[in-house]
Each structure stands twice: as structure tokens, then as C-alpha cells.
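Taking it in order: structure first as C-alpha cells, then the write-up.
The values are calculated or read from the model by the stated rules, or taken from the named source; none is laboratory data. As the structure is a computational prediction, the values presented were derived from the model and not from experiment. Here the Cβ positions follow ideal geometry from the backbone for every residue, glycine too, while neighbour counts run over all protein chains shown. All accessible areas refer to the heavy atoms of the entire protein, side chains included, with ligands and DNA or RNA removed. Shrake-Rupley method; radii C 1.70, N 1.55, O 1.52, S 1.80 Å.
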Amino acid sequence: MKKVFFAAIAGIGLVVLMAAQTKPAQSKPGQTKPVAKVAQTGISKKIMTDGKKVYDSYCLACHQADGGGVPRLNPPLQRTGFVLGDKKKLIEIVLKGMNEEIEIDGEVYDNNMSAHSFLSDQQVSDVLTYVRNSFTNKASAVTPAEVKAVRSKLK
Ligand code: HEC
């Protein structure tokens, strides 16, 4: 009788342990190549097409058609911690521009990126969703509401 009881307890313990381990792996901001295994759904063709239009008009000249950037001048947008990491920081980079020394894949960049706050919430979310799902990137979409929230804090 006692044996059965202990076997039952051990069984429950195992189930609890397994449930705890099935949590999805989270990617940390700043990590260069996070594992983004979660399948992305709900990113429409329209968002990708519209995002590409914004990219081609406002980002391509510096970050290049393949997102590869220009060594020592304009950083790449391929699986960088900024592109795949914290969305608030990423939105802020586009709205406010960027002027800090950063290192990506061993190259140092400290050129200035100008602010793009003239883009609408929709344009910023489209271009960032596009960037986060192009150039070998795979990450969740950015929504206009998220852009709006960051923009309101910058004013
Ligand atoms: C005039 C050139 C220029 C344009 C246009 C430009 N950027 Fe940048 N971008 C830069 C530079 C230079 C940096 C690095 C700034 C620094 O070191 O402070 C940068 C940094 C970044 C970063 C963070 C670093 C990285 O590589 O992950 C992201 C993300 C980014 N830009 C996205 C964009 C997007 C999206 C657009 C279009 C809406 C855009 N940039 C337009 C020059 C540009």
C-alpha cells in the first residue's frame, strides 16, 4: 500500500516538473543571436509589403538592401540584439535616432542615425515588423499601438 502511495507522489512530481520545463525559451535583449523558435503568426503580406516600402525609402540608403549595413559606418540589421531585442528600445531608435558607440560582430559604430519621428505609427510598426522578419530575422510583429505608447513618452 505504501509503495503505491509513493509511486503516485513521484508521478505527480514528475508531471509538475515537466510542465515547468515546457516554458518557451526567452531571448534576452543584447544577445546577438537569440533563439526565436516560436512560430510567428498574424503577420500579413500587406504589412510586409508596406514595411518594405518604408524601408526602401527611409532606411535602405544606410542599412542597404540586404540589411547588411556598411562596415564601420552603418551597422547591419541582421540578427542584432537591437533588432530582435526589446521592442521599446527598437521603436525609440527609429523615432529618436541613435548616437552612441555600439559594437556589432566586432565592428564599432558611432556614426549618428537621425530621428525618424516624421513617420506615422503605422509606418514605424510596418517597417520594424518588416525588419524583424527579413534579412534572416524572425521575431514578433511591432504594432502601431506599441509605437504610439513609446512616442507619447518621448514628448
Ligand atoms: C543616415 C543613415 C541612416 C538611416 C537613414 C537609418 N539609419 Fe539606422 N543607424 C544608422 C547608424 C549610423 C546607426 C548606429 C548609430 C550609433 O552608433 O549610435 C544606426 C542604428 C540603427 C539600429 C540599431 C543598431 C543595429 O544595427 O541593430 C537600428 C535597429 C536601425 N538603425 C534601424 C533603422 C531603420 C528601421 C531605419 C529606417 C526607418 C534606419 N535605421 C535609418 C544609420 C542610419
Which percent of the accessible heavy-atom area of the stretch 28-154 goes to carbon and sulfur, probe 1.4 angstrom? 54
Compute the Cα gyration tensor for the stretch 28-154, then decide on rounded, prolate or oblate, letting a ≥ b ≥ c be the square roots of its eigenvalues: rounded whenever a/c is under 1.5, prolate when a/b is larger than b/c in the other cases, and oblate in all that remain. rounded
Less than 12 Å apart at the alpha-carbon level, and either on another chain or at least 8 residues along: which aspartates and glutamates does that give for Lys88? Glu146
Pairs Lys46/Lys96; Lys52/Lys87; Lys96/Lys153: which are spaced more than 23 Å apart, C-alpha to C-alpha? Lys46/Lys96
How far, in nm, would the chain grow between Ala145 and Asn99 when pulled straight, counting 0.36 nm per residue and subtracting the alpha carbon separation? 14.0 nm
Please list 84-94, 46-56, 60-70 highest first by mean number of surrounding beta-carbon atoms within 10 Å per residue. 84-94, 46-56, 60-70
Rounded to the nearest 0.05, FRET efficiency between Lys88 and Cys62 (Cβ-Cβ, R0 30 Å) equals 0.85
Among Ser57, Ser134, what's the order by accessible area (1.4 angstrom probe), most exposed first? Ser57, Ser134
With a 1.4 Å probe and all protein chains left in place, how much accessible area per residue does the stretch 28-154 have, in Å²? 57
